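The values are calculated or read from the model by the stated rules, or taken from the named source; none is laboratory data. Quantities reported herein were computed from a predicted structural model and do not represent experimental measurements. Cβ: placed from backbone, ideal geometry, glycine included. Neighbour counts: every protein chain shown. These accessible areas exclude ligands, DNA and RNA; they are computed on the full protein's heavy atoms, side chains included. Shrake-Rupley method; radii C 1.70, N 1.55, O 1.52, S 1.80 Å.
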Amino acid sequence: MFSLVGKTALVTGASRGIGRGIALSLAKAGANVAVNYRENKEEADKVAAEVSKMGVKSFPVQADVSNKSDVERMMAEVKAQFGQLNILVNNAGVVAMGPVENIGEAEWDHVLDTNLKGQFLCIQSALKIMASGGRIVCISSIASGGVGVGFGSVAHYAASKGGVVALVEDLAIELAPKGININAIGPGIIESDMTNGMLSDEKVKSGFLERIPKGRIGKPEDIGAAVVFLASDEADYVTGATLYVDGGWLAK
């Protein structure tokens, strides 16, 4: 079950954290993986090497997902390397915190451009090289809104992730006749570079653990496993959905 042998995948923001976990999970399932990065080529090279050790093909590819020309170049490189694309995982993202009155226009634009516009640009460009039966997985968040979760002081981040859910729901209708499924994953609190600062505060970490029925902080491979499922043939009847991988946070 959940075999991705012979499939090709592109994971954005895959040089670290959740993206790295997703890339390794896809490779473990048999997929060839392009490892996108924006700035840290050294780390992307390491991830591509880890992926290649699993007996599949991998290469690092640079692109700022908020830049259309970068995205189009990245897709051209993926096509040159793999011939076509079967799986796109929109993972690249940034987080910023602060009270709404302190959010500057530039900061707002940076978060929305990366987290939402970037996913749109990657989808739009990937469709040109994606085979029928393709899978698109977009990383959202439990902070996406509409599920009774508000953290406060992350208005721009929450807005961007809520936009991802809406984008996925609309495109599911449009892409289904083309044989392409699109879904979102809403991670809970996951160990990553983005959360290391918060989790280093034992009081904050303890507060999170009290909110999570599973009693542990999530790991990148927890998200990777969910991506593998949504990318597999077994998820053929799943599209337009958001799968929350949160250790039971939303159920409590």
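For the structure I just gave you, tell me whether residue 131 is part of a loop (DSSP other than H, G, I, E, B), within 23 Å of residue 62 (Cα to Cα) and either out of contact with any Cys (no Cβ under 6 Å at 6 or more places or on another chain) or open to solvent by 20 Å² or more (accessible area, probe 1.4 Å) (or both).
It is false that residue 131 is part of a loop (DSSP other than H, G, I, E, B), within 23 Å of residue 62 (Cα to Cα) and either out of contact with any Cys (no Cβ under 6 Å at 6 or more places or on another chain) or open to solvent by 20 Å² or more (accessible area, probe 1.4 Å) (or both).
Please list, ordered by residue number, the helices (runs of 4 or more DSSP H) wholly in region 160-252 having 2 or more residues that are open to solvent by 50 Å² or more (accessible area, probe 1.4 Å) and either basic (Lys, Arg) or at pLDDT below 95 (or both).
196-199, 202-211
Go through region 15-28 and report how many residues are open to solvent by 20 Å² or more (accessible area, probe 1.4 Å) and among the aliphatic types (A, V, I, L, M).
The total comes to 2.
Please enumerate the residues belonging to region 30-46 that are under 17 Å from residue 233 (Cα atoms) and surrounded by fewer than 23 Cβ atoms within 10 Å (Cβ to Cβ).
Selection gives 30 alone.
Out of (1) modelled with pLDDT under 95; (2) over 21 Å from residue 183 (Cβ atoms), what's the single condition that is false for residue 45?
(1)
I'd like the full set of residues that are over 17 Å from the mean Cα position of the chain (by Cα) and either modelled with pLDDT of 95 or more or under 30 Å from residue 134 (Cα atoms) (or both), limited to region 79-99.
79, 80, 81, 82, 83, 84
Go through (1) touching a residue at least 24 places away in the same chain (Cβ under 8 Å); (2) among the small types (Gly, Ala, Ser); (3) open to solvent by less than 60 Å² (accessible area, probe 1.4 Å) one by one and return the number of the condition residue 49 breaks.
(1)
Please verify whether region 178-185 includes one or more residues that are in contact with a Cys (Cβ under 6 Å, 6 or more places away or on another chain) and either within 27 Å of residue 30 (Cα to Cα) or free of Cβ contacts under 8 Å to residues at least 24 places away in the same chain (or both).
yes
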